[in-house]
Each structure stands twice: as C-alpha cells, then as structure tokens.
1. Any residue at all in region 86-95 that's modelled with pLDDT under 95 and in contact with a helix residue (DSSP H, G or I) (Cβ under 8 Å, 6 or more places away or on another chain)?
2. Is there a residue in region 177-189 that is more than 27 Å from Ser306 (Cα to Cα) and among the hydrophobic types (A, V, I, L, M, F, W, C)?
3. Among Val23, Val76, which is outside any strand (DSSP E or B), at negative phi, out of contact with any helix residue (DSSP H, G or I) (no Cβ under 7 Å at 6 or more places or on another chain) and modelled with pLDDT of 95 or more?
4. For region 202-216, state whether one or more residues are within 23 Å of Leu138 (Cβ to Cβ), without any contact (Cβ under 8 Å) to a residue 24 or more places away in the chain and of a type in the set (Lys, Arg).
5. Is it fair to say Phe206 is crowded, with 20+ Cβ neighbours inside 10 Å and either among the small types (Gly, Ala, Ser) or more than 16 Å from the chain's Cα centre (by Cα) (or both)?
6. Criterion first (under 30 Å from Leu187 (Cα atoms) and at pLDDT below 95) does Phe82 satisfy it?
7. Does region 142-176 hold any residues that are assigned to a loop (DSSP other than H, G, I, E, B) and either buried (at least 18 other Cβ atoms within 10 Å of the Cβ) or polar (S, T, N, Q) (or both), and which are they?
Amino acid sequence: MPKGKEMAQGKILLKPGTLWTSVKDRTKHALQCGKLLSIPTEFEFVEQDEVRFLVRILSNLVRKDAAKQKQKKQTVSSGKDFNPFLPYEEDLFVADISDTHVCILNKFNVVEYHLLIITRVFEEQESLLTVEDFVAMLACLADFDGLVFYNSGKIAGASQRHKHLQVVPLPLTPSGAQIPIEPLLALAKFQDAIATIPGFPFVHAFATIDPHWAKSPLIKAEATLECYHKLLRAVGLDTVDGKSGAYNLLVTREWMLIVPRSQEHFQSISVNSLGFAGALLVRSDEEMQILKDQGPMTILKNVALSTQ
C-alpha cells in the first residue's frame, strides 16, 4: 500500500495541541461575520431497550432549507452539482490537517463545535475510506475528544457528494453516558477481534481500537484502516471498484462501529450515523410523536438491515 507508506513518513500538518483552540477561535469568528448559521434545537430523552436516546427537535430550518434551494438553483444554472467544499468558505476554515485533508466548521451546525474533515480534492462520498482519511481522523481525535462519523452515500444520510468525515465533541449528552448507546457496547460479544452487540436488532459489527494509537497516529492509521476493512467484511459489504453498499461508520478514541443501511428515512424521519450513537433529529412535533409511538430503536432497525 504505497500511499500508506508515504503518509507514514510524516505528512501531518496539524500541530499537536492546537486544534481545540483553533476550533473555538474560528467558531467565534464565523459567528461574528455571520458565516456560521447554527440551527437552534430543543431536546428530550426517549427511552427504549435500555438506551436513553437523545432526540433533538429543530425549531427553525429556514436557513438550511434556503441554502438547499440556492444549491439547487446553482446546480441548474451551471449544469453541474454545486460543491460547498470546493472551494470551502475561508471563514469556516479551522486547520490544515494533512497534505490531503483540511478541517472546517459545519456551516449549519446543530451541535456546537461540529467539524468536517474534508478532502482537498474531490472524492465521492460513497468511495471507501483510505489510509489518508484515517490519518486525518486520528490526528484530529488526538487533540479533540469526539465522535467521528461517516455517512457513506445518500441512503446513509449523506447530503453532499464531496467526501467528508464529521466530528462532534463528547459528551453528546448533558448527563448520563457520554454516548447514549454506550451501556449496550459494554455487553459486546467478541469472536476474534470483531464483536456484535446483543441489544442491537440490526446487522452491525463492532471493534475496539488499540489504546496506544494517539502516540503514533501515522503508524496506527494503517491498523485502523485494516480494522475498518474487517468490519466491512463482517457485515457483508463487499467492495467493488473502490465502493461498497451504503453504511454508517462511527469511530471514537476507543472503538469503531459499522451499520449497513437499507433506506435513508423512516416515514419522514431522516437518519444518519448519529442515530446509531443514540442521537436522533426530528423536524417537527409530528415527527417527534412518530418517534415516540414507534420507538427510536425500532426506527433504527427499519433503516438498517433487521436481524429480527
């Protein structure tokens, strides 16, 4: 894997210990100049199957909907898809991560300090993650204790075609477990290095990550990439031409979880990777009622591949 060896010679541009300060400084700047358009939400907890799901309800989507309409118009007028990451908005820039990736703020953030790790040149969001993606991810996680997630394709909840990983800071919830699904992860049943979670009623694969990776993210990126491929194989996502089926990937400093997807929505509720962390988003009181009536775990089972 020549690319991996090349990266392992030292291509991280992010200076250790600087990311969190840069994130706070750039957030302040982007808010002041009006380029960061945070979407206000309220939240409540909805329990099912021993998981206390965090459910946010969006109180105002006017900004994001207006931006989507603008993107559609630009696509029609130019005859090609509008790409907000090429070029990205300078006011949202946080840091150069590596030769291949930069970190920017998520323009329409629901969670404070929501970051995007984007490729410098266009790659399809459905393409497989590379060693360079894992180098960039680990370099960020070394500085920023967060949950990294990847929505592989539209069915998995991706809204942009340009390859991007996303990072939200931990804890996800103001009280209780750092990540709502953590109590179930503690019950993981391992067979060799890959585990399943007894409480998940859908196809998935789970693995822990070598806790010493932070000392050498360049070297450990190769091992983390290997782990990712094992998870893909474990859930039957055979790769063809550098792509696989739709799936959600979640990564923390300690573990990695993959969930294949069958559909983007349950009724009108869109689900991305954060749903499988136990954090869901609804756009109205009506959607909140659907979620409560059906149960959040039932919704996840419906948009994944059910094992029951």
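1. no
2. At the first step, the residues of region 177-189 found to be more than 27 Å from Ser306 (Cα to Cα) are none.
No; the residues of region 177-189 include none that is more than 27 Å from Ser306 (Cα to Cα) and among the hydrophobic types (A, V, I, L, M, F, W, C).
3. Values: Val76 fails: modelled with pLDDT of 95 or more.
That would be Val23, the only listed residue that is outside any strand (DSSP E or B), at negative phi, out of contact with any helix residue (DSSP H, G or I) (no Cβ under 7 Å at 6 or more places or on another chain) and modelled with pLDDT of 95 or more.
4. Filtering region 202-216 for residues within 23 Å of Leu138 (Cβ to Cβ) gives 204-216.
Among the residues that remain, those that are also without any contact (Cβ under 8 Å) to a residue 24 or more places away in the chain are: 210, 212, 215-216.
Imposing the further condition that a residue be of a type in the set (Lys, Arg) reduces the set to 215.
Yes, there is a match, as at least one residue in region 202-216 is within 23 Å of Leu138 (Cβ to Cβ), without any contact (Cβ under 8 Å) to a residue 24 or more places away in the chain and of a type in the set (Lys, Arg).
5. Working: crowded, with 20+ Cβ neighbours inside 10 Å: yes; either among the small types (Gly, Ala, Ser) or more than 16 Å from the chain's Cα centre (by Cα) (or both): no.
When the stated conditions are applied, Phe206 does not pass them.
6. On the way: under 30 Å from Leu187 (Cα atoms): no; at pLDDT below 95: yes.
No; evaluated as a whole, the condition is false for this residue.
7. Residues of region 142-176 assigned to a loop (DSSP other than H, G, I, E, B): 144-145, 153, 157-161, 163, 170-176.
Residues satisfying the conditions are Phe144, Gly153, Gly157, Ala158, Ser159, Gln160, Lys163, Leu172, Thr173, Ser175.
The values are calculated or read from the model by the stated rules, or taken from the named source; none is laboratory data. Owing to the predicted nature of the structure, the values given are computational and were not obtained by experimental measurement. Quick reminder, even Gly has a Cβ in these numbers, built from the backbone with ideal geometry, and neighbours come from all protein chains shown.
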